[in-house]
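Nothing in this text is a laboratory measurement; each read-out follows from the coordinates by a stated rule. All of these numbers come straight from a predicted model, not from anything done at the bench. A quick note on method: Cβ atoms are made from the backbone with ideal geometry, for glycine too, and the neighbour counts reach across all protein chains shown.
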Amino acid sequence: MEGKTKKPLVEYLSDAQVERIHEKSLGILENTGIQVDHEEGLKALEEAGAKVDYQAQRARIPRGLVTRCLETVPEKFTLAARNPEKDCPLVRGGRPYSRNGGGADFTIDLETGKFRPLLLADVRSYFRLMDALDGISFIAPVFGHDMPVAGRDILMLREAFAHTDKPIHLRAFTGETLKYMFEMAAIVAGGKEQLKERPIVSLLEAPISPLKFLDVTVDALWLCGEYGIPLDVCVMPISGGTGPMTMAGNIQLFNTEFLGGVVISQLAHPGAPLQYAARPMAMDMRTGFSLAGSVELGIMATAGAQMAHYYNVPISLHGPWSDSMTHDGQSMLERTYLTLMAALAGANVLVGAGMMQQSLVISHEQLVIDDEINRIAFRTVEGFEIDEERLAAEAIARVGPGGNFLADPHTMKFLRGERYVPSLLYRNSREAWEESGSKTFVERAREKARAILREHEPNPLPEDVSRDLDDLVSDALRSLEK
Amino acid sequence: MSNILERMREDIYNGNVDEVAAATQKALDEGMSAQEILNNGLVGGMDVVGRDFKAGILFIPEVLLCAKTMHAGLEVLRPLLAESDVLSLGKIVIGTMAGDLHDIGKNLVGMMLQGAGFEIVDLGTDVSPEKFVEAVREGANLVGMSALLTTTMPGMKTTIEALTEAGLRDHVKVIIGGAPVTAGFAKDIGADAYAADAASAVDVARGLVA
């Protein structure tokens, strides 16, 4: 009876429905199979018992193989940080973490409010801002237009290491650059074995819906296994376009694709850490656009969390995300809805902070706002303590009918710690608000972003590590130019 | 206006493929001219479809089905019409840029253009400038390029330059699109047009061949 409240959990699927989806996924893998554009991958699948049509690059995977591969997927792992205090252990029932939405290369300028291409200077300030915000647990890449195209992913990682000691999430453009990035991570971690022990980077790879695994994806799955790097198997069919129109069908498809990724990974590297990254999308059937902020997305992703719980693997879902073009009410509505849904679905990672217009645009002030939304979501799923003292019967007796609790010792004892303390929400009088310039929520976020950027200095890398990294990056860029 | 053509327009709107083919034959049997059936029945039907699509009443898959229905009627008329009357609006070579594997948008544009009467040569994803040039050389009057990644957008410029170099630039109109692509970028790289979504791609392509 004493202790924490139970963890709130939103579920759509009954146990029987979860099993039905799993069974059907096994059937689809066995009868329809997956396309694997990777000769070695097909060979490995064939040797493990899959029926392979090399001409069509199709592997039909028997259910026994899927079940066997599921058994070796770890149920938990830690996204390690250069600073161990910022580690993110991903475990079922544990607290959620968050990262920004990665991949964007446009921005709404913090000073002018104008939409424009993202530049290296923005990438740096964005990383620095994320480093300072507690509601952003780890960092995903964004890219500057003025960075060279060949090796842009490598340069991004170099910048990330310089500007944060939080865990770093990677995006790789080729298998070759990925290998360089793992070598960079090994330098910072202190060696390849140390990196395996404490992986300070993680990766995302996505099959192409429906049911297609590209050669780069297979390479990445295997390289992650080799280096012990945690990998998000990111399944994102667009309902009505690259996935079925029905929510059930889209869930069925992404679950099948996740299992396909599990098989390819675990075949080569049993025990390789994988995260179920359910990123279902929905096509707007009027325009063809892939929607980021739809209500169906929240529903389908929640069902995805249930499938991940069934397989006992960590789950990452869309958090703050939106179709909106700017920091308006639509943006706040969509991102708050998705973030709370994901947290209440039991997600280990909430993804998207700072990103707008699907995955194209990032914004510093939106990042600061999403820090607040994330922390509210963290607080929501944390629940609260219940025990004799907190139930406060004694204090209620002491104060008695008609009194007040302001000066009671019980209030003093629990004054701090019970409440979430917001950083951006205005809670004072109209008079005080007008006196301080009648600033809106977004204006306050902008000022906070500027203040952090004026002051915050990230924890620097040791000089020798910096030097070694620079040497490796120069070598890599030279080799890529050839 | 004839009753049978009015029904035909409704059948197109409702995607009744068999009914439209049969009605087209019936109209011919009753002595109507192929040209009249085409203009007032088939094309007339698609005009209503286009209007309701723009108004947000019809959805993309419905429009695709309507187009398929219209084509069923057109097939019946084809032998009776002068070549110039049924010639496709044009042949468009489409593809996603080299290094880019995102193709749902490009596929959608292809289906919409086909529905509108264009002939489509789909080069798929990860398409190099050379492949575009080769396909244009085999005959086309439009090129449609798509990109989702900013890093693959420069391929659009390279392709236009390759077309110029091959002496083919004047033979084709180039239309570009994709999430990060803008009208300004289209202008900068010397494309003829930009389309923001699948529906406007059809309008823009029609405008370019008009």
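Some notes on this structure:
- Since only A:380, A:201, A:312 are under comparison, the one whose Cα sits farthest along the positive direction of the charge dipole of chain A, derived from C-beta charges on Lys, Arg, Asp and Glu, is A:380.
- Considering only the protein assembly as shown, percent of DSSP beta bridges that pair antiparallel, nearest 5: 25
- Inter-chain Cβ neighbour average for residues B:149-160, partner chain, 10 Å: 2
- Rounded D (µm²/s) - chain A, Kirkwood Rh over Cα pairs, Stokes-Einstein at 25 °C, 0.890 mPa s: 104
- Relative to the longest principal axis of the Cα atoms of chain B, the long axis of helix B:17-29 makes an angle of roughly 60 degrees.
- Note on residue B:64/residue A:6: beta-carbon distance plugged into 1/(1 + (r/R0)^6) with R0 of 51 Å gives a FRET efficiency of 0.55.
- Net lengthening on full extension, residue A:56/residue A:390 (0.36 nm per residue, minus Cα-Cα): 113.8 nm
- Once the GluC sites (Glu not before Pro) in DSSP loops with at most 13 neighbouring Cβ atoms within 10 Å are cut out of chain B, the longest remaining piece is B:31-137.
- Computed from phi, the 3J(HN,Hα) profile of the range A:429-438 under the Karplus parametrisation 6.51, -1.76, 1.60 (θ = phi - 60°) reads 7, 4, 4, 5, 5, 5, 5, 8, x, 6 Hz, with x in place of Gly and Pro.
- Taking the C-alpha atoms only, the angle from helix B:104-116 to the longest principal axis of chain B is near 40 degrees.
- Environment charge at residue A:343 (Cβ cut-off 11 Å; Lys +1, Arg +1, Asp -1, Glu -1): +3
- For chain B, Kirkwood radius (reciprocal of mean inverse C-alpha pair distance, Å): 18.0
- For the protein assembly as shown, with +1 on Lys and Arg beta carbons and -1 on Asp and Glu, the positive-most of B:112, B:31, A:459 along the dipole: A:459
- Hz values of 3J(HN,Hα) by residue in the range A:317-328 - Karplus curve (6.51, -1.76, 1.60), Gly and Pro given as x: 10, 4, x, x, 8, 6, 8, 5, 7, 8, 7, 10
- Check: the range A:1-150 dipole with +1 on Lys, Arg Cβ and -1 on Asp, Glu Cβ, in debye: 360
- Relative to the longest principal axis of the Cα atoms of chain A, the long axis of helix A:295-311 lies at roughly 70 degrees.
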